[in-house]
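First comes the structure, then the notes that go with it.
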Amino acid sequence: MKKYFFLFFAFVLLLFTSCKKTAVDSTNLKTFQSSINDLESSLNTIKQIKFNEALYILKTFGVEGSDDISKLKALSKLLEGKNIPQILTMADQVAMQNNVDWKSTSPPSLGEMNIFATQSATERDPNEIDASSLSITTTAVAIDSILGPRALQITPRLLDNSGAPISFNGAALETVLEVSSDGTKLLTAKNLMQNNNFKGFTLKFASLPKD
C-alpha cells in the first residue's frame, strides 16, 4: 500500500512539474503573471534579478499606457509566446533604442524589480534619495562649422541642501524629458537615472518639428 502511494505521489509531482510554462501566456493578466512566475522559477537568483530587470525595461520603455494596468496589458501582448532568451534580447534592443545603460549580460544594476506590484520597503531602498533641488545643464553638441550646433546635451543632477550634486548608485529613477512650445508637446523622451553620472538626454534639433 505504501509503495502504491509513493508511486502515485511521484506521478502527481511529475504532472505538476510538466505543467509549468516555458513561454509567456497572454490569454489574460492572470495567465500572464503565472507564466512569468514559471519562467522566473527556472532561473537561479542572479538570473531572476536580471530577468525582472528586463521586464521592467520593457514595461517602462517598450510599451505605452495611461496607467499600470494598461501597460501590463500592452506588455503581455508584446511578450505573447516569448521565452526567456527572446525576452532578454528584446530588453537589450529597447534599452539600446532608448539610450538606457543596461544590458542583459551585465551584473544586476536596478535591484529587485517587480512589474506586477509596488515594491515593498526594504532596509535601504536605493530609489529613496533625499534631494532638495534639481539642476539642469545644457551643452551644445554635434557642432557643424557652418550650421552651428545640431543638438543639445541636457543633463539633470540631483542636489543636496548646499547645492552640491548628490552621490548615489544602484537606483532606477525614471526620468522624463518633455519639450513643449506654446503649450504644445513636441517631444517626449524617457531614460533611467541609475547614479549621479547620468548622461541625460541628447536633443537633436532635426527631431523637432520645423514649423
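Here, each number is a calculation from the coordinates, and none is a lab measurement. Keep in mind the model is a prediction, meaning the values are calculated, not measured. Cβ: placed from backbone, ideal geometry, glycine included. Neighbour counts: every protein chain shown.
Annotations
- Cross-link pairs exceeding 18 Å in C-alpha to C-alpha distance, out of K30/K77; K185/K210; K71/K185; K50/K82, comprise K71/K185.
- The mean sequence separation of alpha-carbon pairs under 8 Å and at least six residues apart, normalised by the residue count of the stretch 18-118, gives a relative contact order of 35 percent.
- Qualifying GluC sites (Glu not before Pro) in the stretch 49-93, where qualification requires a DSSP coil assignment and no more than 11 other C-beta atoms within 10 Å, comprise E64.
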